[in-house]
Amino acid sequence: MKKVLLLMVSGLLAFGSFAQEIKSADKGVTYGAGTTADGAINVNELDKNVKDNKFEGKVSGKIIEVCQEKGCWMKLEKTNGEALMIKFKDYGYFMPQNIVGKEVVLDGELIIKEVSVKQQQHYAKDAGKSEAEIKKIKKVKKEQQFVAKGVLVL
């Protein structure tokens, strides 16, 4: 029994050492594979650069929302009132809460995805929305999502 308990404690300690420390979103800080601002297009120019429902490259814009649970997604502001959902390659890194309001450059690829009601409600809950707001989500939606392999805070 002592061996089992020792093994469990060792496993938990090892797992804890893999936990990611999230850096504050200060100017020049990078996340994931990192990136530079060279060649980035503004998020509002993205649609013009999409070919065959695909885009790979760098996009810049202002963060308006981030997952309140773990920082596992964020949204870029667009001038048309919509927001571009940002996820992170292989769920490999997370964003700090203080990235909201910051200008960033993302390096990655655009995907078109159908988002289930359940997933939309999950995002709403992660964003800290009220139960009433969450219950209003009743339709599957098709949306652009950007999968970022690297992020740079401007």
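Would you kindly state how much longer the chain becomes between LYS51 and ILE111 on full extension, computed as 0.36 nm times their sequence separation minus their alpha carbon distance, in nm to one decimal? Intermediate results must be reported in sequence, preceding the final value.
Details: separation 60, 0.36 × 60 = 21.60 nm, distance 1.13 nm.
Full-extension gain reported as 20.5 nm.
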Name the residue, out of LEU106, LEU76, LEU46, whose mean-square fluctuation peaks in a Gaussian network model built on the chain with Cα pairs under 10 Å.
LEU46
Most mobile of ASP26, ASP90, ASP52 per a Gaussian network model of the chain (Cα springs, under 10 Å)?
ASP52
Could you sort out which of LYS51/LYS135; LYS87/LYS138; LYS129/LYS149; LYS48/LYS136 sit more than 30 Å apart by Cα distance in this structure?
LYS51/LYS135; LYS48/LYS136
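Bear in mind these aren't lab numbers, they're just calculated from the coordinates by the rules spelled out. On a predicted model such as this, the values are computed, not experimentally measured, just so you know.
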